[in-house]
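The values are calculated or read from the model by the stated rules, or taken from the named source; none is laboratory data. Keep in mind that what you see is a predicted model, and the values were worked out from it rather than measured. Neighbour counts run over all protein chains shown; Cβ positions are idealised from the backbone, glycine included. Accessible surface areas use protein heavy atoms only, side chains included; no ligands, DNA or RNA. Shrake-Rupley method; radii C 1.70, N 1.55, O 1.52, S 1.80 Å.
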Amino acid sequence: MNLIIIVAFLIAIFFYLLIPAGGAFYVRRRWRLFRKSVIDSSSLPEVSYAKLKNVSDGYAGEFRMLGSLQAIQGDDSVWISNRAISLRVQLTGVDVYTLPHSALIGKGRNISIRENLTDEIPVRMPWNRFSSLPEGTRLLVSGSLYREKGQLLFKTSRETPLLVLIYDGSENTILIRTIWAGRQQNEYINDFTPGSMAAGGVILLLLTYLSTRLTGADFYSWLIFTMALSPLFAILPPGLGLFELYLIFWRRGRRYRAERDLVLLSLRYWPGVDSLSYCSDIRLHGSQTYGYRLLESGRIAIEQVNGGRLINTGFLDNDTVMDSPVFVFGIVGDEAGQELFPPSKDLMISPLIIPGDPSVLFKICSKKARIMEILAGLSLLAGFALNLFLFLLILRYIIY
């Protein structure tokens, strides 16, 4: 009997904790790589005939392209085009992402990101599920570009997986929407969790039956039965209220993580810096200059920075931001007589208005996200413990 109890404990730990936890790390890493791939794509040069007219057959480099679906060729390729170029994208083994619709689309200035972005996550599917896309679907494609028999095409590889993103709205919202939406809503509730929970419950119920056949309905049989039902203890009343509290805290933590990454987006051209004093203006692929400037208040930035997007955070109210100095990151004028923030030639770059030093806001958001996650975990454990205690009281009444 001791052996059955040990096996039951190991099964419960494996199916109820290890597999869901492993799935949580897996999906968090997958979404982190997705966000990174979109951010990295913004630093790649755009495809153009001028840059590639003298390239010989073979690997041409890493590029990105914003275009529209022109045609589907066979089972594994599509043609996309923009105003300047048309080329083929080979999609064998490629996952396609679709950005969710957002209220941010089409707006030039936004007072609060929280009010304009959805909590929905991008749809991720293999290409063969998207084979009936209508002509004109807008796509962001980035990765390795090749010339084969004089024809340019994007192809994926193990070293540089191809990014294919379906989007709507303005191109300069892609980065903000990706960072906000491109994360699991709840990592513990992932693709692996339902099957793992069901398999663990069935196996433990079978062990309960085996234990009952061997020794009758004794303490050990009831213990195994309790372990089989344990996942339900977190979502049944009266612990259900604490489970709802857990979801609220976890959702707030998710939003703080998104805001943390949004303020860090402004520093993407200076990786690893921890102070704005090390961030000098830099020259981009399109010959424009990226940098930051300090303005007197958020109100002035909202009025004067064309297309500027205010990245506010949950712990700063709008009135404070409007009356406080802000940093504006984006294309800056570097010649005499040029406007302070001229329009960007790069469609994926829009001015970001940050209400404070991004490195400081990053730390604050990170700390608040951890606090929310700890509170979420405590709420979940409290609801589980409450229902487990009540279940054991009921069992004691039944047994004795």
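Mind telling me which of Val263, Val202, Val328 comes out most flexible in a GNM of the chain, alpha-carbon contacts under 10 Å? The residue that fluctuates most here is Val202. Among Ser157, Ser77, Ser297, the residue with the largest mean-square fluctuation in a Gaussian network model of the chain, with springs joining Cα atoms closer than 10 Å, is Ser157.
Amide H to amide H distances under 5 Å link Ser77 with Leu91, where only residues 5 or more positions off or on other chains count and H is placed in the peptide plane. Shape class of region 195-307 from the Cα gyration tensor (axes a ≥ b ≥ c, square roots of the eigenvalues): prolate, since a/c reaches 1.5 or more and a/b is larger than b/c.
What is the mean projected area of the alpha carbon convex hull for region 1-46, to one decimal in square nanometres?
Mean projected area for region 1-46: 3.4 nm², to one decimal.
Sequence-ordered 3J(HN,Hα) estimates for region 192-198 from the Karplus curve with 6.51, -1.76 and 1.60 and θ = phi - 60° stand at 8, 5, x, x, 5, 4, 5 Hz, glycine and proline given as x. Remark on Val96: its backbone amide H falls under 5 Å from those of Met125, Trp127, a criterion applied only to residues 5 or more positions apart or on other chains, H modelled at 1.01 Å from N.
Each eigenvalue of the Cα gyration tensor of region 283-400, multiplied by 5 and square-rooted, gives one semi-axis; in descending order these are 52, 16, 11 Å. Cα gyration tensor of region 334-400, axes a ≥ b ≥ c as square roots of the eigenvalues: rounded (a/c below 1.5), prolate (a/b > b/c) or oblate? Since a/c reaches 1.5 and a/b is larger than b/c, the shape of region 334-400 is classed as prolate. Couplings 3J(HN,Hα) of region 2-18, computed from phi: 4, 5, 5, 5, 4, 4, 4, 4, 5, 5, 4, 5, 5, 7, 8, 10, 5 Hz, in residue order, whole Hz [Karplus 6.51 cos²θ - 1.76 cosθ + 1.60, θ = phi - 60°; x for Gly and Pro]. Computed with a 1.4 Å probe over protein heavy atoms only, the accessible surface of the chain comes to 50 Å² per residue. Within the shell of other residues whose beta carbon sits under 13 angstrom from the beta carbon of Pro358, the net charge comes to -1, with Lys and Arg scored +1 and Asp and Glu -1.
Here the Kirkwood formula, the inverse mean of 1/r across different C-alpha pairs, assigns the chain a hydrodynamic radius of 24.4 Å. Evaluating 6.51 cos²θ - 1.76 cosθ + 1.60 at θ = phi - 60° for every residue in region 30-40, the Karplus couplings come out as 4, 5, 5, 5, 4, 4, 4, 5, 5, 5, 4 Hz, glycine and proline recorded as x. Under a 5 Å amide H cut-off, with hydrogens placed 1.01 Å from N, Ser297 pairs with Val326 among residues at least 5 apart or on other chains. In loop segments of region 283-369 as defined by DSSP, the trypsin sites (Lys or Arg not before Pro) with at most 16 further C-beta atoms inside 10 Å of their C-beta are Lys345. For the chain, the longest principal axis of the Cα atoms and the long axis of helix 240-265 meet at an angle of about 20 degrees.
Protein heavy-atom surface of the chain, 1.4 angstrom probe: 60% of the accessible area is carbon and sulfur, with nucleic acids and ligands not counted. Estimated translational diffusion coefficient (Stokes-Einstein, Kirkwood radius over Cα pairs, 20 °C, 1.002 mPa s) of region 180-248: 152 µm² per second.
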